[in-house]
Amino acid sequence: MRLLNIQPIRIRRIPAVLARLLGHVVPTLTPELVDVLLADAVPTEDISATARRFGLELHHVADVWRSA
């Protein structure tokens, strides 16, 4: 998030229970999105092997952002 914002931002963390509650109250934060945000983002220790299994090529977010 810090790479994507021009202004400095403060990253806040909230308990999962509160996030799930907000998923039912905030229209743009659906319960399904909360589930995705709370799930583990990396399914394996070998990220490159996982990407190859799915036919993906990994790029650093800063490189992708600069090229857009």
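If you scan segment 10-41, which residues turn out to be open to solvent by less than 60 Å² (accessible area, probe 1.4 Å) and either of a type in the set (S, T, N, Q) or assigned to a loop (DSSP other than H, G, I, E, B) (or both)? Hits for segment 10-41 are VAL26, LEU29, THR30, ALA39.
Scanning segment 46-63 for any residue that is open to solvent by less than 100 Å² (accessible area, probe 1.4 Å) and among the charged types (D, E, K, R) turns up at least one such residue.
The values are calculated or read from the model by the stated rules, or taken from the named source; none is laboratory data. Bear in mind that the values here come from a model prediction, so they are computed numbers and not experimental data. Side chains are part of the model used for accessible areas, which takes the heavy atoms of the whole protein and leaves out ligands, DNA and RNA. Shrake-Rupley method; radii C 1.70, N 1.55, O 1.52, S 1.80 Å.
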